[in-house]
Amino acid sequence: MGRIRILSDTVANKIAAGEVVERPASVVKELLENSLDAGANEFRIEVEAGGRRLIRLADDGSGMLRDDALLAFERHATSKLADVKDLLSIATLGFRGEALPSIASVSRLLLETRSPEEQSGAAVEFAGGKLLRCDEAALAAGTTITIRDLFFNVPARKKFLRSEQTEIAHIASLVTHYSLAHHGKTFLLRHNNAELLSVTPVATLRERVFQVFGSQILDDLVDLGDRSRDLNMPPDEQAPPDEPRFTRRFRLRGFVSGPQVQKLNRNSIYLFVNGRLIRDRLLLHAISAAYHNLMPPACYPFALLFLDCDAEEVDVNVHPSKTEVRFRHGSVVHDFVRDTIRDILMAQRPASNIPAPTPPQPGAGLPYSEFSQRIESMNFPSVSAAAATAADTGTLPEFVLRRPISPEPRFEFEPAPPTQKLGIPDTHGPLFPDAKPLSAESLDALTDLRPLGQIHDSFIIAAGRDGLWIIDQHVAHERILFEQVLAQRASGQTESQRLLIPLVINLSAAQQIEYARIAEELNSLGFETEPFGNRTVAVKSAPAGVPPAEVEKILFEILEIAERELRRASLDDVRRAMAASIACRAAIKINMRLEPAKIDWLLRALAATSCPMSCPHGRPIALRYATRDILKSFHRI
Ligand code: ADP
Ligand code: MG
């Protein structure tokens, strides 16, 4: 007898569940996609315990016929594909017929559904893939699916689930995404009976962005409008040479942020291709390429993009969870997206915020060298102008701090091309060939520095017993404040200042969750915040020294840090990251003249810190030009 056996459906479904149902958010995704395919206009989602205990989605869509209700749980049962040709042009979100049987095999599932065509509906119940009952039921038209005890029969999977907060954060972000893609529909998300998202139909995407993110973000966004282009398709590789070329229409809508918005991760990039939420490296690259030279390489914009094209141009059948796609003509799509965004950014060119062109970063945009050449030749305002304007308004863009490049030669120790990490210079210019970042041995010398003055209103020059010192005033102050914030936090004696008018900020659903997680820590760092109605928070006090205009920025930055770090790092790391953010915003800026007394104070305070070598973000604080090297340079030794 042979050894190969056909797996039973129960086993096959569990295997499929391994790919389709990674975590509670994947269940929500499959259910939402089914409801959207069923033409629903209202989606009510209830979640308990991060989705482990309960996920329920009620929709007002087409429902299922009674006979179909059971069939939907057969493997590969779908109403969306008839034959293999349909695979080439999929217009629905689902098509694999895998989701319902997979979910049913790893949970306790109740389906209640009625089609308007029938008088009564069906109630079908499964536990761990086994049918418990299938009854006729009196129901309103539409479908409600209730999933309890996800993974109750797959202990291995259950172990891999993260905290309740993390899982609900994934769900909230997913529902938020879909609500943005369907501004004409109602979305409601509740977790443990608290409302996380509730949006009613609006006429435009702009209004939906407002509902979801609030007005602050809208101010920073540029509307792409509705851009369609007929693109000429390159012939297929195997096509006969006389094959006529053809054009396809591509359409791009949505919003992108100006270069001043710099996110530390890609979480604020929302991509939809033909209405399907996807993660796609090609499109992410196209977006980065559009911002190439407008933003430091490790930063990302906010982007909400809807790309629509002929279904035959995109293969969605690439991955079981349907989150990846493959474009038939990838480079055409890439360039279309990049150029469309680039053009609109250029048209909007905010004079004070765009940094000077930099040498191309190794790696970034390499296959598109032609593009970077074009950018090199563009005319940007100089960095010092940008920094000066920014300093005037008190909003120094971060990239100016991170990458002190100046196109003008008078800034003598202009660094060589920045290193990968944050663009920190690691080499020094011609005049100070041996100036070294401060090392631990030279710490002693810091205590008796004699300040000589300031250059560029940004760097303190001081004579030390061992040579000449150059100190970056911003990062030095940042280090001082960072240690101060942490010390005060540790002793429970944070100094805070009351804001004249409490600041009310709007949070997205995901931010609201992050806020709940870190509210206590925020308060022990000197903020006084409290929830203020739905998805808004009132800020009454802030840590002493933080300019009121910066408070909002710090909070959003901290929420972003929390989102990024909390999933991995310890609370201590998060606390340090928060303190770094506060310190950075409260520190004196560069391009700021300092009184001699202030310079004195700064040097003394820096010498007293436990780590005067580098700022909390890892940048060097001081350079030293040793007396010995000065003597050598003058050929005296
Ligand atoms: P697929 O979406 O790939 O077709 P699913 O397993 O997700 O596969 O769903 C199987 C079928 O069940 C769908 O093709 C559809 O006919 C039906 N169905 C699922 N959810 C709903 C819903 N909310 N409303 C109406 N029909 C649904
Ligand atoms: Mg489906």
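Relative contact order for the stretch 177-304 using alpha-carbon pairs under 8 Å, separation at least 6, rounded to a whole percent?
Reported relative contact order: 21 percent.
Taking the Cβ-Cβ separation of VAL202 and LEU7 as r and a Förster radius of 51 Å, what is the calculated FRET efficiency to the nearest 0.05?
Efficiency computed from Cβ-Cβ geometry: 0.60.
If amide H atoms are built 1.01 Å from N in the plane of the peptide, which residues on other chains or at least 5 residues away come under 5 Å of the amide H of GLN497?
Correct list: ALA542, ALA544.
ARG281 to SER228: FRET efficiency via 1/(1 + (r/R0)^6), r the Cβ-Cβ distance, R0 25 Å, to the nearest 0.05?
0.55
If R₀ is 56 angstrom, what is the calculated FRET efficiency for the pair ALA549 and ARG245, using the beta carbon separation as r and rounding to 0.05?
0.55
Under a point spin-label approximation (7 Å from Cα along Cα-to-Cβ), what is the GLU136-LEU500 distance to one decimal in nm?
Once both label points are built, they end up 7.2 nm from each other.
Once phi is turned into θ = phi - 60°, what whole-Hz ³J(HN,Hα) does the Karplus curve with 6.51, -1.76 and 1.60 give for every residue of the stretch 447-457, x standing for Gly and Pro?
Calculated HN-Hα couplings, in order: 5, 10, 6, 10, x, 9, x, 10, 10, 6, 6 Hz.
Among residues other than GLY545 whose Cβ falls under 13 Å from its Cβ, what is the net charge (Lys/Arg +1, Asp/Glu -1)?
After counting each charged neighbour, the total is -2.
Go through the stretch 146-157 residue by residue and turn each phi into a ³J(HN,Hα) via Karplus (6.51, -1.76, 1.60, θ = phi - 60°); whole Hz please, and just put x for glycine and proline.
10, 10, 10, 6, 4, 6, 4, 9, 10, x, 4, 5
Note down the relative contact order for the stretch 9-204 as a percent, whole number, built from C-alpha pairs under 8 angstrom at least six residues apart.
25 percent.
For ALA538 and PHE160, compute 0.36 nm times the residue count separating them, minus their Cα-Cα distance, and round to one decimal in nm.
132.5 nm
For the pair ALA608/GLU530, report the inter-label distance in nm, with labels modelled 7 Å from Cα in the Cβ direction.
Label-label distance for ALA608 and GLU530, simple model: 3.6 nm.
If you plug each phi of the stretch 64-69 into the Karplus form 6.51 cos²θ - 1.76 cosθ + 1.60 with θ = phi - 60°, what whole-Hz ³J(HN,Hα) values come out, in order, with x for Gly and Pro?
Per-residue couplings from phi come out as 10, 5, 4, 5, 7, 4 Hz.
In terms of modelled amide H atoms, which long-range or inter-chain residues lie less than 5 Å from the amide H of ASN274?
Answer set, sorted by chain and number: LEU307, ASP308, CYS309.
How much length is gained on full extension from ALA626 to GLU117, taking 0.36 nm per residue of separation minus their Cα-Cα distance?
Contour length minus the Cα-Cα distance gives 174.5 nm.
Quick query: amide H of LEU196 versus all other amide H atoms, modeled in the peptide plane; which residues come in under 5 Å with a sequence gap of 5 or more or a different chain?
Amide H to amide H, under 5 Å and 5 or more residues apart or across chains, LEU196 pairs with LEU189, ARG190, HIS191.
Please give me, ordered by residue number, the trypsin sites (Lys or Arg not before Pro) of the stretch 497-586 that lie in loop per DSSP and have at most 14 other Cβ atoms within 10 Å.
Passing both the DSSP loop test and the Cβ count: ARG567, ARG568.
Just so you know, all these numbers are worked out from the coordinates, no wet-lab data involved. Here the structure is a predicted model, which means the values were calculated and not measured. With ideal geometry, Cβ positions are generated from the backbone for all residues, glycine too; neighbour counts draw on all protein chains shown.
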